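Reading through the structure tokens given below for one structure.
The values are calculated or read from the model by the stated rules, or taken from the named source; none is laboratory data. If you're wondering where the values come from, they're calculated on a predicted model, not measured in any experiment. So basically every Cβ, Gly included, is an ideal-geometry build from the backbone, and we count neighbours across all protein chains shown. SASA here: full protein model, heavy atoms, side chains in, ligands and nucleic acids out. Shrake-Rupley method; radii C 1.70, N 1.55, O 1.52, S 1.80 Å.
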Amino acid sequence: MSDTRQQNLFTEDELPANLQSWELAAAADRLIADVVFNRPLTTVFQYLVPNELREMIGPGQRIEAPFGRGNKPTIGFCVGLSTVLPAGKTLKAISSVLDREPLIDARMLELTRWIADRYLCGWGQVLECIVPAGVKSKAGTREVTFFALSPTLIPRLVDRVTMFNDLKLPAKQRAVIDVLAAAPGPLRVDELSEAANCGVVPIHGLRDKGLIVASRARLLTAPVMAAPEVHRDIVMNPDQRRAVDAILSVVRSSQHRTLLLHGVTGSGKTEVYIKAIEEVVSYGRQAIVLVPEISLTPQTIRRFNSRFASVAVLHSHLTDAERHGHWRQIASGAVQVVVGARSAVFAPTPQLGLIVIDEEHETSFKQDSTPRYHAVEVARHRAELEKIPLILGSATPTLESFLRVLRKQDVLISMPKRVERLPLPPVVIVDTRNDPEIAKGSAIGRAMFTSMRAALKAGGQVILFLNVRGYSPVFWCRNCGAGVKCPHCDVTLTWHKARSVALCHSCDYSTPPPSACPKCGKPGLLSLGMGTERLESEVNTRFPEYKCLRMDSDTMQKRGSHDTALELFRHGKVNILLGTQMIAKGLDFPNVTLVGVIDADTLLHQPDLRSAERTFQLIAQVAGRTGRSAKGGRVLVQTASPDQPAIQKAAAHDFLGFATDELQHRQALKVPPFTHLARVILRGPHEPELKAYSEKTGELLRAAAKELAVDVRILGPAPCLVNRLKANFRYHLQMTATDLSALQRLWLQTMPGLPSHPQIEFVVDVDPLNLR
């Protein structure tokens with residue numbers, strides 16, 4: 001269910017089932033199923049289990065049951081079983097059980113219940129989210145018939161000659177029985193036919209006589225794991241060995257600890273992960289490795305495939321059949337290492353021994369739809385339940401992770417030097433305020449152009465980073481001074497020249513580029529600002545003799561496109577790689593001798609409490625893409641704010657200095673990571689009604705805070721930074737507290753009293769990263 005379907009949108013036809021009367025006799029020994037549905041409710045519903053389903057149902061399986069006053073057949077998850085009927089209540093009965101085996105085990109049920117409580121959403125919403133659609137639909141499988149000996153025939157096998165004579169079976173059918181008697185289990189019809197050297201007629205004949213029995217099961221139609229690659233042994237340096245020893249001491253203790261592996265870019269963190277996982281795998285256990293970007297997954301898979309016999313992958317670019325195949329193999333215990341993006345934290349590993357989150361600072365680990373979980377927090381809790389270590393790796397850790405280290409909640413492992421003691425690249429801050437090329441509208445300033453030309457002539461490669469898609473992010477009217485906005489959102493349209501469209505990056509609305517201002521009707525619109533498409537055009541014009549490749553979400557839509565692009569660059573078939581965040585981290589190309597940050601201010605001046613932190617992280621991560629060989633490298637950062645502390649600290653590779661200053665600033669403001677934040681976002685098509693409803697919500701929250709006597713600061717309501725999105729106006733309130741449980745209690749107390757409104761929807765985001 002989407003975020004837009006929230007608590008106040010429940011109709012009377014979808015009221016809790018166990019509040020309705022239902023004429024159904026129930027004996028005292030009847031089985032009762034606890035069921036949750038994909039609804040924003042905290043209620044666990046109870047249903048009777050019909051006798052014919054008693055042997056089929058278990059926790060973690062999906063069921064279908066009548067729900068609400070309309071008794072609409074609805075799919076839910078069984079989360080528990082009991083034999084105690086609720087006093088004075090009659091219950092509806094489950095209609096069917098949809099899964100032969102549980103999709104979720106007991107430990108995962110416990111984890112998902114914690115997620116629902118932690119992030120203030122429905123348990124059923126969490127379960128619906130973590131089980132992939134391909135698993136629920138059994139994608140990539142086919143039903144196959146298996147045959148086994150009839151139980152009544154097995155005792156007679158002790159005297160097989162007499163049995164065959166009594167039954168007067170022909171030779172072909174005797175061969176079938178011999179094969180099944182020697183088999184360790186049921187055989188597929190094709191296996192049985194081949195082993196017995198017969199067709200299907202003798203097999204069906206035995207079935208018709210009741211001497212063998214048929215069963216049906218689903219099998220995967222194709223293998224899904226890649227073949228292992230050639231092993232390449234790597235000699236670790238002293239920093240790496242110390243890091244591995246520290247991790248393995250925790251692994252061997254069979255206790256949970258969270259370990260923050262703070263290693264500069266190029267320090268060899270991946271090799272540390274691999275060595276730790278090798279030890280875990282030697283115990284017969286499994287590991288989960290989370291990476292933030294799909295673009296990092298192919299190279300990560302290659303690294304792990306070269307070291308482990310069985311590696312599975314889980315990310316959004318898989319087909320349903322592939323995802324189901326990997327899921328099944330992981331659940332069977334056949335997979336040693338699971339690599340994937342955010343949702344891989346839910347991989348059904350039966351023998352989990354270690355979780356690793358690489359680039360833990362990345363915002364993509366926070367889900368922006370219900371359930372709005374953060375994979376780092378989920379991984380931490382899963383590791384606590386499993387009593388295993390969690391490794392968080394980054395050159396630029398989040399302030400939340402660093403504060404936990406300062407408070408002695410987590411363990412810090414430092415890797416301050418690059419492998420082979422290569423130096424970190426020098427970072428030059430280029431002030432663009434007086435650059436003549438920038439003044440003329442170019443993206444590449446004079447110093448950047450000169451450095452690019454020198455690097456390319458010397459045989460090196462160049463990476464250019466610009467975190468803006470499209471050709472130009474703004475159409476501006478010279479007459480009235482207005483920007484051309486999306487008709488459905490409070491967002492300016494971005495010009496995508498290659499596609500000849502003006503596109504809204506929030507709702508995907510597109511239109512031909514406007515020839516006149518929609519507001520005043522005057523022609524002569526200007527396209528302002530620089531996007532990756534425009535940067536690519538400029539690079540091709542100014543460096544026509546060199547091959548340029550753009551990587552952003554517009555060019556990397558095809559399956560496998562990330563891997564193809566990076567392989568072209570890796571093998572020197574591309575000289576200049578430019579793009580957005582997907583090229584900013586994790587990539588290792590020894591021939592890159594220059595990295596250019598085209599506009600370091602794109603994140604810096606956003607109205608976001610984390611803008612300085614994100615600016616520091618991006619510059620530091622992009623800078624880490626060069627200087628990874630004896631050739632060395634350098635970084636140029638173009639900015640109109642050269643004195644900004646985040647930029648200065650990033651240029652000096654000074655994480656500790658930045659983190660210390662920023663934490664002091666955050667503490668003074670009483671904002672995260674020193675407090676928890678919960679954001680209530682309300683939306684509706686009519687702003688006056690939405691404003692009134694938001695004010696009522698604020699009144700109820702403040703009244704509940706007073707009643708509960710909780711120390712929670714409530715701000716708002718106020719219009720969101722993006723006031724209109726997808727044809728709806730948006731208002732929000734913010735609740736801040738040092739104690740997360742105070743926020744949770746306040747919301748759970750307030751939510752049931754919110755009035756119902758047919759056109760107003762709301763969501764709750766606990767510890768949000770996006771404050772738009």
(request) Pop the C-beta distance of residue 699 and residue 110 into the FRET formula with R0 = 45 Å and round what comes out to the nearest 0.05. (result) 0.75
(request) Kindly identify the stretch 389-540 as rounded, prolate or oblate by the Cα gyration tensor criterion: order the square roots of the eigenvalues as a ≥ b ≥ c, call it rounded if a/c is under 1.5, otherwise compare a/b with b/c, prolate if a/b is larger, else oblate. (result) oblate
(message) Let's test the formula: R0 of 56 Å, r as the Cβ-Cβ distance of residue 547 and residue 152. What FRET efficiency results, to the nearest 0.05?
(response) 0.15
(request) Could you look at the chain and say what percent of its accessible area is carbon and sulfur, using a 1.4 Å probe and all protein chains? (result) 52 percent
(request) Report the relative contact order of the chain, percent, no decimals, based on alpha-carbon pairs under 8 angstrom and at least 6 residues apart. (result) 11 percent
(request) Could you state the accessible area per residue of the chain in Å², with a 1.4 Å probe and every protein chain left in place? (result) 43 Å²
(request) Order these peptides, 526-535, 355-364, by their mean beta-carbon neighbour count within 10 angstrom, highest first. (result) 355-364, 526-535
(request) Could you pull out every Cys in the chain that lacks a partner Cys with its beta carbon under 4.7 Å away? (result) 78, 121, 129, 198, 507, 548, 720
(request) Sticking with the crude label model, points 7 Å out along Cα→Cβ, report the distance from residue 498 to residue 189 in nm, one decimal please. (result) 5.0 nm
(message) Please report the spacing between the Cα centers of the stretch 231-262 and the stretch 397-463 in Å, no decimals.
(response) 28 Å
(message) Please list, ordered by chain and number, the residues whose modelled amide H lies under 5 Å from the amide H of residue 491; skip anything fewer than 5 residues away on the same chain.
(response) 486
(message) Which aspartates and glutamates, if any, have their Cα less than 18 Å from the Cα of residue 519, not counting same-chain residues under 8 positions apart?
(response) 490
(message) Please list, ordered by chain and number, the residues whose modelled amide H lies under 5 Å from the amide H of residue 413; skip anything fewer than 5 residues away on the same chain.
(response) 260, 261, 262
(message) With the cut-off at 28 Å, tell me which of the pairs 649/726; 440/547; 92/136; 558/631; 269/558 have Cα atoms farther apart than that.
(response) 649/726; 558/631; 269/558
(request) Measure off 7 Å from each Cα along the Cα-to-Cβ vector at residue 84 and residue 172, then give the distance between these two points in nanometres to one decimal. (result) 6.1 nm
(request) Could you calculate the contour length gain from residue 640 to residue 537, that is, 0.36 nm times the residue separation minus the distance between their Cα atoms, to one decimal place in nm? (result) 34.8 nm
(request) Please sort 32-39, 136-143 by packing, taking for each peptide the average over its residues of neighbouring beta carbons within 10 angstrom, highest first. (result) 32-39, 136-143
(request) Let me have the 222 nm mean residue ellipticity of the chain computed from DSSP H runs of 4+ only, each contributing -39500 (n - 2.57), with the sum over all residues rounded to the nearest 500. (result) -9500 deg cm²/dmol
(message) Pairs of alpha-carbon atoms within less than 8 angstrom and 6+ residues apart define the contacts here; what relative contact order does the stretch 524-643 have, in percent?
(response) 24 percent
(request) Please label the shape of the stretch 287-400 as rounded, prolate or oblate, based on the square roots a ≥ b ≥ c of the eigenvalues of the alpha-carbon gyration tensor (a/c under 1.5 means rounded; beyond that, a/b larger than b/c means prolate, else oblate). (result) rounded
(message) Can you list residues from other chains, or at least 5 along the same chain, whose modelled amide H is less than 5 Å from the amide H of residue 96?
(response) 64
(message) If I stretch the segment between residue 117 and residue 387 completely, what's the gain in nm (0.36 nm per residue apart, minus their alpha carbon distance), one decimal?
(response) 95.1 nm
(message) I need the shape label for the stretch 709-772. Rule: rounded when a/c is under 1.5, else prolate if a/b > b/c, else oblate, with a, b, c from the alpha carbon gyration tensor.
(response) oblate
(message) Just the number: Rg to Rh for the chain, Cα atoms, Kirkwood Rh, two decimals.
(response) 1.02
(request) Take every DSSP beta bridge with both residues inside the chain and express the antiparallel ones as a percent of the total, to the nearest 5. (result) 55 percent
(request) May I ask you to order 62-69, 333-340 by the average number of other C-beta atoms within 10 Å around their residues, highest value first? (result) 333-340, 62-69
